[in-house]
Amino acid sequence: MYAFGLGDTHGHAALTTLPQAVGRFVHDARLALGSALEARIGAPSLFPIEDGRHAQRLIAYVHGQDAHHGVGLDPWREGTSLPDLLGLRVTAPWLIDRVRAIAPRLRRPQLWQEWGREEIEAIELSLLAEAAASAVGSIALTGNTPAVVSARIAAVAAAGSLGTAELAVALGLTARAVQRLRSRPASPVLVRAILLQCGLRLQSVGPVLLGEPRVAYGVEGATEVAV
C-alpha cells in the first residue's frame with residue numbers, strides 16, 4: 001500500500017503487489033476496520049492500476065476523498081496517508097520511499113498545492129497538545145505509551161523557551177514534569193512534525209464542504225473498501 005484515504009462511507013487504498021496478495025490485504029483490512037469501527041465492512045470493488053501515470057494520479061485521488069464526496073469531516077486529512085508524506089505525522093516513515101519508487105517526479109510542494117495548504121512551521125500553545133497527538137497518530141496526548149511520551153518530549157522542545165508554567169497548562173502536566181521533559185532528547189523529525197501541525201491548524205480551512213461540487217480527478221478507480 002502506498003496511499004489511502006477515507007471519505008464518506010468508504011475508503012480507497014492504492015497498492016502495487018502481486019494479484020494473490022490483494023486477497024490477503026482485503027481480508028486483513030476488513031478485519032482491522034471492522035474491529036476498530038465496530039461495523040460490518042462490505043466487500044470491496046477492485047480496479048487494476050493501468051500504468052505509472054495512473055499510479056501517481058491515484059495519490060491525489062485517494063487523499064481528496066473527503067472533499068470529493070462533499071463531507072468536510074477531515075480538514076487535517078488525518079484519515080489519509082497525506083500527513084505521512086508531508087512530514088506532519090511520523091507513524092509510517094517507510095511510506096515516502098514507496099511513493100518515491102512509484103512516483104519519482106512527485107514533489108512535496110505539489111502535494112501541498114493540491115491540498116490548498118501551505119508548509120508553515122509555527123508554535124501556538126493552544127494548539128500544541130492537539131498538534132503533538134496528531135503527529136504520532138494519537139487521538140489525544142494522554143497516557144504513557146512510547147509514542148505519546150515521545151510526543152510530549154518533542155512538544156516541549158518545539159515550544160523552545162516558552163514559560164514552563166504556561167507550557168504545563170497547555171500540555172496538562174505539572175511544571176516539574178515539563179522540566180523533566182526538557183532534559184530529555186527530542187526527535188528532530190517529530191519536533192518538525194509538531195510545528196507543521198500547528199502551522200496547518202493556523203490556516204483557514206473554510207466552511208464545511210457539504211454541498212460543494214465534487215472535484216474531477218480524472219481517475220476511474222482504486223482498490224475500494226466500502227463501509
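Give the relative contact order (percent, whole number) for segment 65-149; include only Cα pairs under 8 Å separated by 6+ residues.
With pairs under 8 Å counted, the relative contact order is 24 percent.
Once the principal axes of the Cα atoms of segment 51-148 are found, what is the range along each, listed largest first in whole angstroms?
Here the spans come out as 45, 30, 22 Å, largest first.
How many percent of all Cα-Cα pairs in segment 98-166 sit more than 13 Å apart?
72
Give me P(r) over the chain, computed from all C-alpha to C-alpha distances, binned every 10 Å, as integer percentages.
8, 30, 32, 22, 8, 1
Can you compute the helix-only [θ] at 222 nm over the chain? Use -39500 (n - 2.57) per DSSP H run of at least 4 residues, normalise by all residues, nearest 500 deg cm²/dmol.
-14000 deg cm²/dmol
What are the ³J(HN,Hα) couplings of segment 184-201, residue after residue, when phi is run through the Karplus curve with 6.51, -1.76, 1.60 and θ = phi - 60°? Round to Hz, x for glycine and proline.
Karplus values, whole Hz, x for Gly and Pro: 9, x, 9, 6, x, 5, 6, 4, 5, 4, 5, 5, 5, 4, 4, x, 5, 6.
Principal axis extents for segment 73-199, Cα atoms only, whole Å, descending order, please.
48, 27, 25
From the protein chains alone at 1.4 Å, what is the descending order of accessible area for Ile123, Ile153, Ile96, Ile139, largest first?
Ranked list, largest accessible area first: Ile139, Ile123, Ile96, Ile153.
Using the Karplus curve 6.51 cos²θ - 1.76 cosθ + 1.60 with θ = phi - 60°, what ³J(HN,Hα) values do you get for each residue of segment 122-136, in whole Hz, with x for Gly and Pro?
Result, rounded to whole Hz: 8, 10, 9, 4, 5, 9, 5, 5, 5, 5, 5, 4, 5, 5, 10.
The values are calculated or read from the model by the stated rules, or taken from the named source; none is laboratory data. A quick note: this is a predicted structure, and the numbers were derived from the prediction, not measured. Remember, those area values only see protein heavy atoms, side chains included, never the ligands or the DNA or RNA. Shrake-Rupley method; radii C 1.70, N 1.55, O 1.52, S 1.80 Å.
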